[in-house]
Structure formats: C-alpha cells, structure tokens
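Taken together, the values in this text are just the output of simple stated rules run on the coordinates, not laboratory data. Since the model is a prediction, treat every value here as computed from it, not as a measurement. We place every Cβ from the backbone using ideal geometry, glycine too, and count neighbours over all the protein chains shown.
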Amino acid sequence: MKKSFPRMSLSGRTVAMICFTVLVIPVLDVVYVYPAFTRLLIESLEDDTVVLAKNLSEISAIPPEVLTDSVLFPNHFSQTAERLLQENNLAKLKVYAQNGVVLFSTDPADIGRKHGEAFFYEMIADGAPRTQYIKRSTDTLEHEHVAVDVVESYVPIVVDGRCIGAFEIYYDVTSRKDRIDQIHAQVRGVILAVAGTLIVLVLVMAGRLQKTQSQLDTLSHAVQHSPHAVLITNAGGVVEFANPKFTATTGCEQEDVIGKSMYDIYHATPEGRREIWDSISLGRDCFTEWKDTNRNGDVLWMRSSILLIRDRNGMATHMMAVFEDITQLKLAEHHLNRTADTVQSVMNLTAEGIFTVDDEGIVKSVNIALEQLFGYRAKEMIGQNVSMIIPSFLPVISRVVNRDDDNTSAADDSHDVLARHRDGVTVPVSLTVNEIRLPDRSILTGVVRNYLN
C-alpha cells in the first residue's frame, strides 16, 4: 500500500502544547510551593531547638570551665542526653568547645574531633543559631552522611554575654517530612486541577497550527519532487516513506520497502554498513558512497547522506536518507583515470624529462626520464615545489603565464637554465614550458633536455 509523506496531526500538536502547559505548573510547584513547606518545617523546629538547648544547659548545669577541657565533662550528662534523644526524637547531640573541638557526642567516635567549617566560628563570633534541613541519604553541614531526614541546628552556649561553646542538635524529622510530602501531594493535585482549566485556553491556539501544517505540506511537496531518492525511517531504521525518485532509481516499489529495515535495503559493503551503524549509534550524520545494482541487475553507484531528525529535546526520532545516483560521475572518473594512465604511459616512453606543475610550481606528475635525469623517485618529487630540481623555474612560470599568446612563439618558451641533481651537482639543461589553460586553473608542462647527453 502506498504511503504518503508523514503528516503532522493537528490534534497531536494540540495535545503536545497542552502537555507543555500542564508541565509548567508542576515546575512552579517544585520551585516555590514545596520549598515553602520545607521552610515552615525548619522555622518551627528552630525555636524548639533554642529552647531545648537552653533547658539542656540548665538541667545539666554545665560549668563554663568544662567547655575547655573534655576530661572534666560531667559523666551524668550522657544519661541526660540519652533521655532527651528519646523524649524529643533526636538523632544525635553534640557539645562543642569554643575552639570547635567536640567535648561530648551521643556518638563516641565524634569526641575529640574539631569542626572544620568556617560558619561554625562565625556563629561563635556573632552568637546566632544556624539551622539547616538535611535530606535523607545526603551529607550534613559537617559532611556526615545521614540515612534519615534531619534538621541540623547549631545553638551557641552564651554565659555572661560571651559565647563559650555550642550545641549541635539533630532532629529526626522523617515522619514529619513524610506527612508534609502527603500534604504536598494533595496540593499538587489541586494545582494540576487548575492547570487543567488552562487547557481550554491552549485549545484556542490550535488554529495557529494550520500555518505549521501548511509549511509541512510545502516540505512534503519538495521531498516528493526531489531529484534525489529519499527514504524516511523511524529511529530504529524501519522505512516509513519513500519518494517517487527512489522508485525510479532503484526499481523498487514503495510496497517493497515500507515497513522494512533500511539496512536490508541499503546494499552497501559490510564495512559500509558498519560505518553507517557506528555513526548512527553515536548520534552523528553519515555520508558514504557504495556500489549497488538495481532490480534489473544494472550497476549503480550511489552517494548517500543519512541525517538524524531530532525533536526539541535533541532526541533522534527519525532518519532521512538521501540517495544520489553518481553512476555517470563514476564512469567519467574511470575514463579520466584511464586517460591519465594512457598519458603517463606515453610520457614514460619519451627520452626527454617531462613534468607537470600547477601555477604555484607544485609538481603534479613526472615521467621516468625525469627520474633518471635528476636521481629522484617520482614520489619524492610529486607534491614538492619544482624549484628542488630547477631553482630558477618560478620566474619562468611568471613569464609563461603573463605572455601574449598572439605574439609569442613556442620557440620563445625554451630556456637555458641550471638544474640540480639529487647529489647536489648542477647541470645545464634546456627547459621548454607550455601552459594548458583549464576553466578553473592552469597546468604547466615542462620538457627538460640534458645538454651533456
């Protein structure tokens, strides 16, 4: 069954815009509403933490001198701390000296460690508490990993107007946070309901999609009447569309290719297929040439460009393969190469040294006699400047290129110059130069005769 160029569904585009609109509202929820709930949790516990720290200091009767010597820290404080952990749902409790050393902790491994963060000493200096919500499975302000949701608070211990240490209190707020998440889920439901009312407004914009559809129709017409064969596949390489030029070039009807893998249709060599697959797998466009046969068995040379079609998120959704029949170009190249081989064979039969250069003096070809004359192999001269064997050749180029062909005979192109052998010896030679003018460039031929021979 013939399949037309893929069309953009108006309803599909409308739904896409509606989904985009609906997604904007949850983003606001994540950016503003949810953080507001978290701030409320922190603020409610910050005041409780200050009161708890004050009561803890009074109940335990910690003398100021204790906060400078961990050895003198009261033993009964551990019992008081454990009771507070249970009564106030605390995860951990620490007491710091003014210099940041841990004097007491419900985790004995912390005792003796020194706080390494600058904010602690800023707190000691200004006497203001610090409170931070720490999400489960993340790190605290001291880079300690926690498995539960906690609110971490630092409360200075102030005696006679002087900060002599600090409490660090970890509130386990996992249950409260879970409750907030439940409330937030309900709020999110309301927000989504409000977003749903905006869908009606989005539908009004559906009319604008007609312009987009018109542009797509224009693209469809261009592909249908392209002078090159075109295949469009899904992201997996299954063909969804083939234009008439593909049928005319390959002899395959659309029914023969629609629904099949492009790699089954693509009669490239195994190396060519591997190159295509590697490029597509890496998300790159692919350009290649390969030899094929059409349905009648005729040899074809094809040049293909496989382009990835991406959505707005950069994901590849389709592939477009554009095939160009370059059979005639390959035949022309073949004949040109054969002609070049013939010319080279003729040049090799002559006794004079012959070479060709471009208008910048770069050697393009040499014959065997020139190799024998100067002692260089052809591969050593091709690509090099001709001045390596004829130092004075560049002025000769200028005279030949700028000459008046109507007033200059071929005999005037002969020059007596000194040439340089590979071993450094200079020899007198006769050099005849002629210019071959092509549409886009000039080629100069040089014929060298050795006077000593």
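Return the long-range amide H neighbours of R113 (sequence gap of 5 or more, or a different chain), with a cut-off of under 5 Å between placed amide H atoms.
V102
Order these by the 10 Å Cβ neighbour count, fewest first: D285, D440. Don't jump to the answer; show the numbers that get you there.
On the way: D285 12, D440 5.
By the 10 Å Cβ count, ascending: D440, D285.
Among the listed pairs K330/K379; K114/K177; K330/K364, which are separated by more than 24 Å between their Cα atoms?
K330/K379; K114/K177
Order these by the 10 Å Cβ neighbour count, fewest first: E324, E253. Write down the numbers at each step before the final one.
Details: E324 17, E253 13.
So the residues, fewest neighbours to most, are E253, E324.
How large is ³J(HN,Hα), in whole Hz, for each residue of region 372-381 in order, when computed from phi with the Karplus curve 6.51 cos²θ - 1.76 cosθ + 1.60 and θ = phi - 60°, using x for Gly and Pro?
Rounded to whole hertz, the list is 5, 5, 10, x, 9, 6, 4, 5, 7, 9.
Using modelled amide H (1.01 Å from N, peptide plane; none on Pro or chain starts), what sits under 5 Å from the amide H of G165, excluding residues fewer than 5 places away?
Amide H to amide H, under 5 Å and 5 or more residues apart or across chains, G165 pairs with I157.
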